[in-house]
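Notes to accompany the following structure.
The values are calculated or read from the model by the stated rules, or taken from the named source; none is laboratory data. Since we're looking at a predicted model, the values are computed, not measured. So basically every Cβ, Gly included, is an ideal-geometry build from the backbone, and we count neighbours across all protein chains shown. Calculation scope for accessible area: heavy atoms of the full protein, side chains included, ligands and nucleic acids excluded. Shrake-Rupley method; radii C 1.70, N 1.55, O 1.52, S 1.80 Å.
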Amino acid sequence: MELSPRRISGGSPHLGDVLHLMRDCFAYMEGRIDPPSSLGQTTLPSLQATADRDEIWTIGAPPVACVVLSVKPAVLYLGKLCVAPSHQRLGLARHLITHAESRARALYLGQLELQTRVELLDNHATFRALGFHEYARTAHAGFDRPTSITLRKTVS
């Protein structure tokens, strides 16, 4: 498998494969997180808009891993980072994070940032092992308790 991440544009014929991958990867969260993932509202047109505005990077053809990179003030935000269940534990998430670090350096941004839900303890451990640390806890609208954890990693 070719490990070089490939950028997917809004007009790419592979965007449907990316949406399918994301849905497969996030399906295990259904019933585990509250509120439900925003992926439930993601459509092919909204993903096309995301690809036009931000950067969607994939590994594999068809894609088996992906991440959405968004420039925010002082950070490069990693969204929808996922690896197909059949390809987990092969270092693909680490490879995409290393690529994100390269993109952050090219964009003169000193930190990576991502969010994970408070219920997903395995994700917390994985991201800590990849060099992220807790930065903040936030609550979705209508919740009086934290629902997400913001994690950051310094880019050297």
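Of all residues in the range 81-106, those that are without any contact (Cβ under 8 Å) to a residue 24 or more places away in the chain and farther than 19 Å from LEU120 by Cβ have Cβ atoms under 9 Å from Cβ atoms of residues that are hydrophobic (A, V, I, L, M, F, W, C) and open to solvent by 90 Å² or more (accessible area, probe 1.4 Å), 6 or more apart or on another chain, in LEU90/MET1. Hey, does the range 78-101 have a residue that's part of a loop (DSSP other than H, G, I, E, B) and closer than 21 Å to LEU19 by Cβ? Scanning the range 78-101, I find at least one residue that is part of a loop (DSSP other than H, G, I, E, B) and closer than 21 Å to LEU19 by Cβ, so the answer is yes. Out of all the residues in the range 132-151, which are open to solvent by 40 Å² or more (accessible area, probe 1.4 Å), of a type outside the set (Asp, Glu) and either closer than 17 Å to ILE97 by Cα or assigned to a helix (DSSP H, G or I) (or both)? If the condition is that a residue be open to solvent by 40 Å² or more (accessible area, probe 1.4 Å), of a type outside the set (Asp, Glu) and either closer than 17 Å to ILE97 by Cα or assigned to a helix (DSSP H, G or I) (or both), then HIS133 is the only one that fits.
For the range 91-129, taking the residues that are of a type in the set (S, T, N, Q) and at pLDDT below 95, the one that is least open to solvent (accessible area, probe 1.4 Å) is identified as ASN123.
The rows are residues; the columns are (1) touching a Ser or Thr at 6+ places or on another chain (Cβ under 8 Å); (2) within 26 Å of PRO13 (Cα to Cα).
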residue	(1), (2)
ALA65	yes, yes
ALA74	no, no
PRO85	no, yes
ALA100	no, yes
TYR108	no, no
VAL118	yes, no
THR126	no, no
ILE149	yes, no
VAL155	no, no
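As a summary of the residue check, LEU39 satisfies the conditions (1) open to solvent by less than 60 Å² (accessible area, probe 1.4 Å); (2) at pLDDT 95 or above except for the one numbered (2). When you look at CYS66, is it outside any loop (DSSP other than H, G, I, E, B) and at pLDDT below 95, yes or no? Taking the combined requirement at face value, the residue does not satisfy it.
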